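Data block below; observations after.
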Amino acid sequence: MKLNTNGNVYTFCYAAVMVIIVAFLLAFVASALKETQEANVANDTKGQILSALGYDKATIDVAKVYEEKVKDNLFEAGELKPYGEKFNTTYGSLIKEGKLHVFTGTTAQGEQAYVLPVVGRGLWGGLWGYIAVNEAKDKVLGTYFYHESETAGLGARIGEKWFQDQFIGKPIFGEDGNVALTVTKAGAAQSEFEVDGVTGATLTSNGVAAMVKDGLAAYKEFLGGAASECPNKGKCQKEGGCQAEAECTCPVGECEETNVEQ
Amino acid sequence: MSKLFSDENKAAFTGPLNVNNPVAVQVLGICSALAVTSQLKPAIVMGLSVTVITAFSNVIISLLRKTIPNRIRIIVQLVVVAALVTIVSQLLKAYVYDVSVQLSVYVGLIITNCILMGRLEAFAMQNGPWPSFLDGIGNGLGYAAILVIVGFVRELFGFGTLFGYNVIPQFMYDAGYQNNGMMVMPAMSLIIVGLVIWAHRAYNKES
């Protein structure tokens with residue numbers, strides 16, 4: 001008996017069975033791999049944070065180095081509080097809600113640094129990045145930028161090291177107290193606040209400039225307290241050992257209650 | 001063994017590499033040739049991904065070919081390709097995360113690549129799994145070859161680099177040499193593809 005593969009019944013049944021099989025297959029694959037994928041994404045995010053701190057994420061054991069060197073904090077009511085819940089991999093909506101994460105850690109060169117997540121928009125889709133600032137919160141120690149779907153070879157080059165390394169050592173705030181760090185057209189960077197953009201990707205470069213500006217502006221309260229606003233640093237240390245990263249932000253008198261370790 | 005590599009099968013594999021090249025002769029798949037060739041590395045990654053996906057979707061369609069209802073065959077082909085690409089991209093995300101980040105945009109482009117549908121419709125629907133597999137590999141590599149040529153020219157003259165490494169010595173720049181910004185623009189890839197087709201046809205005049 002030969003099947004009539006042109007009949008209506010056959011066609012409908014074929015389509016239905018095919019769709020059901022494919023749907024189950026895809027659902028199975030997606031749910032079976034979900035955990036591994038999420039672990040990968042979290043690990044990659046940690047790698048990006050380490051990359052902003054000057055580590056080469058391709059050559060280190062990201063999970064281990066992150067565990068050793070970096071701590072996740074929330075900036076609330078003027079101080080940093082350790083964040084112990086599930087590690088986040090996207091920060092755009094959190095920043096909008098006012099949940100400002102600040103990572104504290106040491107750079108590959110051994111310097112104390114704060115890492116701030118930033119998000120923005122490029123030409124085709126979202127951009128994000130991590131900016132490491134020094135302890136005095138006035139200079140960039142390193143950056144990491146990446147993108148959802150910028151053009152390969154053009155806008156996508158913001159993800160390359162040469163572009164990100166240009167930010168190292170740049171001051172953040174201009175004389176008026178606003179974020180002055182920016183990205184210019186390729187080859188046009190002149191002042192100490194300017195960084196060369198990517199040739200042929202002006203819109204993506206502008207997106208990075210806006211992301212850096214808005215991203216750092218969102219952390220202005222945190223960054224604004226420069227070194228001069230750290231009057232009780234010595235006191236905290238003496239009174240019983242605050243966590244190193246909280247030393248600068250603990251208010252007078254509250255040190256022992258809120259931030260003392262053990 | 002001799003049957004596996006008969007002349008016909010060999011032709012299915014080597015044809016698309018030269019005289020029947022999908023890009024240069026059939027002018028298929030040039031949309032992605034434009035998108036991913038400004039540097040050499042993404043061009044190679046894209047070429048290899050298309051090769052793998054074309055080969056395996058060819059095999060699957062070829063196995064199903066006698067059962068597929070004629071009126072919905074394009075839909076069936078599309079479902080197979082889309083399912084395959086989705087599964088591959090999920091596997092990449094789970095096990096080789098770095099590569100999946102590299103491929104992010106291109107995975108979607110693979111589904112819409114005209115070469116895939118073209119080979120399924122023109123070859124896999126009429127031939128057995130093994131010749132279809134060879135045909136898929138051949139077409140994928142033929143496509144990859146053009147991408148690599150275009151990527152090579154564009155990266156060399158547009159950025160002065162290959163695989164991201166500087167190859168044009170500094171004294172050339174000191175002497176006044178400049179990278180050609182035109183090469184970086186998408187339009188230039190079509191011009192280069194045009195030149196490749198010209199050279200290819202001049203060489204293969206008799207066909």
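Side notes on the structure shown:
- Averaged over B:61-71, number of beta-carbon atoms from partner chains that fall within 10 Å: 3
- Along the range A:199-206 the Karplus relation, 6.51 cos²θ - 1.76 cosθ + 1.60 evaluated at θ = phi - 60°, assigns HN-Hα couplings of 4, x, 9, 4, 5, 5, 4, 4 Hz to successive residues, with x for each Gly and Pro.
- Per the Debye formula on identical point scatterers at the alpha carbon atoms of the range A:2-87, with no solvent, log10 I(q)/I(0) at q = 0.19, 0.22 Å⁻¹ is -0.94, -1.05.
- With R₀ set to 60 Å, the beta-carbon distance separating residue B:75 from residue A:192 gives a calculated FRET efficiency near 0.50.
- Shielding value for B:179-185 is 2, the average number of Cβ atoms from other chains within 10 Å of each residue's Cβ.
- Evaluating kT/(6 pi eta Rh) at 4 °C and 1.567 mPa s, with the Kirkwood radius of the protein assembly as shown over Cα pairs in the Stokes-Einstein relation, gives 51 µm² s⁻¹.
- Dividing the Cα radius of gyration of the range B:84-155 by its Kirkwood radius returns 1.03 for Rg/Rh.
- Cα gyration tensor category, rounded, prolate or oblate, for the range A:39-126 with a/c compared to 1.5: oblate
- MRE, 222 nm, helices only [DSSP H, n ≥ 4, -39500 (n - 2.57), over chain B, to nearest 500]: -22000 deg cm²/dmol
- Among the residues of A:147-157, the average count of other protein chain beta-carbon atoms within 10 Å of the residue beta-carbon is 6.
- Residues B:68, B:110, A:20, sorted so that the one with the fewest Cβ neighbours within 10 Å comes first: A:20, B:68, B:110
- Ranked A:12, A:167, A:145, criterion: other C-beta atoms within 10 Å, fewest first: A:12, A:167, A:145
- Among A:187, A:151, A:120 - extreme Cα towards positive end, dipole of the range A:62-228, charges at beta-carbon: A:151
- Global geometry of the range A:78-183, whether rounded, prolate or oblate, following the gyration tensor of its Cα atoms and the 1.5 cut on a/c: oblate
- Exceeding the 28 Å Cα-Cα cut-off - candidates B:66/B:93; A:34/A:170; A:161/A:220; A:139/B:41; A:139/A:161: B:66/B:93; A:34/A:170; A:139/B:41
Each reported figure results from applying straightforward, stated rules to the coordinates on display, with no laboratory input. The model shown is predicted, which means the values in this text are computed figures rather than measured ones. Note: ideal-geometry Cβ built from the backbone for every residue, glycine included; neighbour counts use all protein chains shown.
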